[in-house]
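I have a structure here, written as structure tokens, and I will follow up with some questions on it.
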Amino acid sequence: MSANIASSSSPAAPAVLKRRRKVMVTCAVTGAIHTPTMSPYLPITPAQIAEAALGAHAAGAALVHLHARDPMTGQPDQRPEAFEPFLKVIKQNSDAVINITTGGAPTMGVDERLKPCAHFQPEVASLNMGSMNFGLFPMLGRYPEFKFDWEKPYLEGSDDRIFKNTFKDIENILTTCASHGTRFEIECYDIGHLYTLRHFADRGLVKAPFFIQSVFGILGGIGPHPEDVAHMKRTADRLFGDQYQWSVLGAGRNQLPIAAQSIAMGGNARVGLEDSIWISPGQLAQTNAQQVKAVRQVIESLGLEIASSEDAREILQLKGRNSVNF
């Protein structure tokens with residue numbers, strides 16, 4: 001009997017089980033886009049923001065992206081004192097990766113926006129990669145009246161407002177935050193923002209692995225068409241190769257379809273009431289956790305695993321929860 005015949009009749013070797021890919025979910029729990037009139041479920045007070053973040057984490061969000069608001073009016077508030085109460089509660093009651101915004105709101109200057117991260121030194125800070133038009137004014141027509149005086153001018157004024165993120169602004173944030181080991185959720189609203197990131201990477205001001213959060217569907221940025229999503233991914237692949245982790249967020253009704261496309265393409269996803277106040281057409285999400293559960297269902301239905309916070313720390317090479325200043 002030949003060796004080949006003998007080999008073919010031998011018992012088959014057991015199949016090697018391949019480890020399933022782990023998908024990181026970020027939850028942005030309140031943000032600075034939606035106003036209190038738009039949803040009664042929008043977290044406003046420190047207690048509500050903490051509860052929302054903890055609920056999202058329990059549902060599967062490895063990272064929570066945080067803004068603060070005035071607890072009386074719901075207006076965006078970037079003072080460190082506004083962040084402190086809920087940062088401590090979230091840290092004490094979970095192992096979530098806490099991500100503090102440096103975007104704040106488009107009405108704020110960079111020095112104001114940077115203060116919470118400079119003070120609290122989180123594991124992750126968000127960082128917008130370019131100046132842009134940021135049009136919120138189309139939402140005006142949906143609401144005949146508003147609960148608070150600041151809401152209408154805030155939305156109305158966005159037709160003549162630039163969300164300023166100059167090269168100098170970006171360098172300021174990078175150097176301030178990187179000096180205490182904070183890494184970045186790098187928010188790219190258009191293709192040119194990827195090239196801006198490449199510029200700062202080439203200068204050595206931001207290090208791999210890059211956590212690129214591609215943003216789709218904001219008026220003034222790239223659109224939500226599947227070809228826009230694919231184009232963003234192709235460009236990032238060409239510019240960064242295997243040195244980055246890709247995540248997406250889709251604004252409004254685009255949230256889940258774009259998340260599903262990203263997950264199918266090997267990426268990660270961000271959800272939350274910052275990005276969409278809806279859970280299905282015409283139905284408001286009552287909690288951030290609802291949206292996390294919805295995207296988790298997509299992940300697990302594709303045979304993938306949801307990443308834990310410790311998984312995210314390893315994937316993104318974070319400094320650890322005990323190295324923050326809160």
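Read-outs throughout are calculated quantities, based only on the coordinates presented, and are distinct from any laboratory measurement. Only a predicted model underlies this, so the values are computations on that prediction, with no experimental measurement involved. Backbone-built Cβ (ideal geometry, glycine too); neighbour counts: all protein chains shown.
One line per residue, one yes/no per condition, for (1) closer than 27 Å to A285 by Cα; (2) assigned to a helix (DSSP H, G or I); (3) among the basic types (K, R):
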{"site": "E227", "(1), (2), (3)": "no, yes, no"}
{"site": "D242", "(1), (2), (3)": "no, no, no"}
{"site": "Q245", "(1), (2), (3)": "no, no, no"}
{"site": "L249", "(1), (2), (3)": "yes, no, no"}
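So is A236 buried (at least 17 other Cβ atoms within 10 Å of the Cβ) and either of a type in the set (A, V, I, L, M) or under 19 Å from the mean Cα position of the chain (by Cα) (or both) or not?
On the way: buried (at least 17 other Cβ atoms within 10 Å of the Cβ): yes; either of a type in the set (A, V, I, L, M) or under 19 Å from the mean Cα position of the chain (by Cα) (or both): yes.
Spelling it out, A236 is indeed buried (at least 17 other Cβ atoms within 10 Å of the Cβ) and either of a type in the set (A, V, I, L, M) or under 19 Å from the mean Cα position of the chain (by Cα) (or both).
Turning to a different aspect of this structure: E123 is checked against (1) surrounded by fewer than 19 Cβ atoms within 10 Å (Cβ to Cβ); (2) touching a Ser or Thr at 6+ places or on another chain (Cβ under 8 Å); (3) closer than 28 Å to V295 by Cα and fails just one. What number does that condition carry?
Condition not satisfied by E123: (1).
Same structure again: Quickly run through segment 136-173 and pick out the residues that are part of a loop (DSSP other than H, G, I, E, B) and among the polar types (S, T, N, Q).
Hits for segment 136-173 are N165, T166.
Right, L155: under 23 Å from I212 (Cβ atoms) and among the hydrophobic types (A, V, I, L, M, F, W, C) or not?
No.
Across segment 42-79, what is the number of residues that are touching a residue at least 24 places away in the same chain (Cβ under 8 Å), under 29 Å from L219 (Cα atoms) and buried (at least 17 other Cβ atoms within 10 Å of the Cβ)?
So the answer is 20.
Follow-up question, since we're still on this one. Just checking, how many residues over segment 279-302 are in a loop (DSSP other than H, G, I, E, B) and at negative phi?
Here the count works out to 5.
Part of a loop (DSSP other than H, G, I, E, B) and over 11 Å from the mean Cα position of the chain (by Cα): is that true of S276 in this structure?
Spelling it out, S276 is indeed part of a loop (DSSP other than H, G, I, E, B) and over 11 Å from the mean Cα position of the chain (by Cα).
Could you grab me the full set of residues in segment 303-326 that are surrounded by 14 or more Cβ atoms within 10 Å (Cβ to Cβ) and part of a loop (DSSP other than H, G, I, E, B)?
Passing the criteria: L304, A307, S308, L318, K319, V324, F326.
Give me the residue from segment 251-266 that is outside any helix (DSSP H, G or I) and more than 13 Å from the chain's Cα centre (by Cα) and, out of that set, nearest to L219 (Cα to Cα).
Only one residue tops the list, namely M265.
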